[in-house]
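S.K.: First the structure, which I've put down as structure tokens, then a few questions once you've had a look.
Quick note: the coordinates plus some simple rules give every number you see, no bench work behind them. Please read these numbers as outputs of a predicted model, since none were measured by experiment. Please note: Cβ atoms are built from the backbone with ideal geometry, for glycine as well, and neighbour counts cover all protein chains shown.
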Amino acid sequence: QVQLVESGGGLVQAGGSLRLSCAASGSIFSDNTMGWYRQAPGKQRELVAFVTGGGATKYADSVKGRATISRDNAKNTVYLQMNILKSEDTAVYYCCRMVPRPYVWGQGTQVTVSS
């Protein structure tokens, strides 16, 4: 059974940085497409970024240029580095195994950006 555990969230001032981590177990991690989603209060969950097993990446327009997704297959871990944080980045961030289906979600980690 695949399990994802996020860490690294917290309270940060606007303009600051955070690195989120997601440790995966229970699957052949290097083959998986891994993503980060976020959900702000009262809003739908949205894709922030994903990285394929081959290392290709894609970002939401709202974070392009401020976020970097990366993976360490030796550690079965995917990261999301967020810089120049804005108040609108405040959300619960979820790690997700996107491929293969079905989606598998972590429990989420809260990121709060204070202005």
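S.K.: Taking the mean number of other Cβ atoms within 10 Å as a proxy for protection, how do you rank 11-18, 54-61, 31-38, 71-78 from highest to lowest? Spell out each step's value before the answer.
M.R.: Values: 11-18: 13.2, 54-61: 11.5, 31-38: 22.2, 71-78: 16.9.
Put in order of decreasing packing, that is 31-38, 71-78, 11-18, 54-61.
S.K.: Using the Kirkwood radius over Cα pairs, work out the Stokes-Einstein diffusion coefficient for segment 55-95 at 10 °C and 1.306 mPa s, in µm²/s as a whole number. Intermediate values should be presented prior to the final figure.
M.R.: Details: Rh = 11.5 Å.
Diffusion coefficient, whole number: 138 µm²/s.
S.K.: Between Ala40 and Ser27, what is the label-to-label distance in nm when each label sits 7 Å out along the Cα-to-Cβ direction?
M.R.: 2.8 nm
S.K.: If you check each cysteine of the chain for another cysteine whose beta-carbon is under 4.7 Å away, which ones come up empty?
M.R.: Cys96
S.K.: Also, I was wondering about something else. Ranked highest first by the average count of other Cβ atoms within 10 Å around their residues, in what order do 62-70, 87-95 fall? Present the calculation step by step, with values, prior to reporting the outcome.
M.R.: Values: 62-70: 15.9, 87-95: 19.3.
Averaged packing, sorted descending, gives the order 87-95, 62-70.
S.K.: Let me have the relative contact order for segment 1-44, percent, based on Cα pairs under 8 Å that are six or more residues apart. Don't jump to the answer; show the numbers that get you there.
M.R.: Details: 32 pairs, mean separation 17.3, N = 44.
Relative contact order for segment 1-44 comes out at 39 percent.
S.K.: What distance in nm separates the two pseudo spin-label positions at Asp61 and Ser17, each 7 Å out from Cα along the beta-carbon direction?
M.R.: 2.7 nm
S.K.: Straight-line reach from Lys43: which aspartates and glutamates fall under 13 Å, measuring Cα to Cα and dropping same-chain residues less than 8 apart?
M.R.: Cross-link targets: Glu88, Asp89.
S.K.: Sticking with this one: For segment 3-10, just list the computed ³J(HN,Hα) in residue order, Karplus coefficients 6.51, -1.76 and 1.60, θ = phi - 60°, integers in Hz, with x standing in for Gly and Pro.
M.R.: Result, ordered by residue: 10, 10, 10, 8, 7, x, x, x Hz.
S.K.: Could you work out the relative contact order of the chain, using alpha carbon pairs under 8 angstrom and six or more residues apart, expressed as a whole percent? Intermediate results must be reported in sequence, preceding the final value.
M.R.: Working: 282 pairs, mean separation 41.7, N = 115.
About 36 percent, as a whole number.
S.K.: Give me the mean projected area, in nm² to one decimal, of the convex hull enclosing the Cα positions of segment 1-94.
M.R.: Details: hull surface 24.1 nm².
Convex hull of Cα atoms, orientation-averaged projection: 6.0 nm².
S.K.: Would you kindly state how much longer the chain becomes between Gln3 and Leu47 on full extension, computed as 0.36 nm times their sequence separation minus their alpha carbon distance, in nm to one decimal?
M.R.: Details: separation 44, 0.36 × 44 = 15.84 nm, distance 1.93 nm.
Here the segment from Gln3 to Leu47 would lengthen by 13.9 nm.
S.K.: How high is the FRET efficiency from Thr68 to Gln107, r the C-beta distance, R0 25 Å, rounded to 0.05? All intermediate terms of the calculation are to be shown ahead of the outcome.
M.R.: On the way: r = 23 Å, r/R0 = 0.91.
Step by step, r from the Cβ atoms, then E = 0.65.
S.K.: Give me the net charge for the shell around Gly54: Cβ to Cβ below 12 angstrom, other residues only, Lys and Arg +1, Asp and Glu -1.
M.R.: Numbers: positive: Arg71; negative: Asp31.
Every neighbour counted, the sum reads 0.
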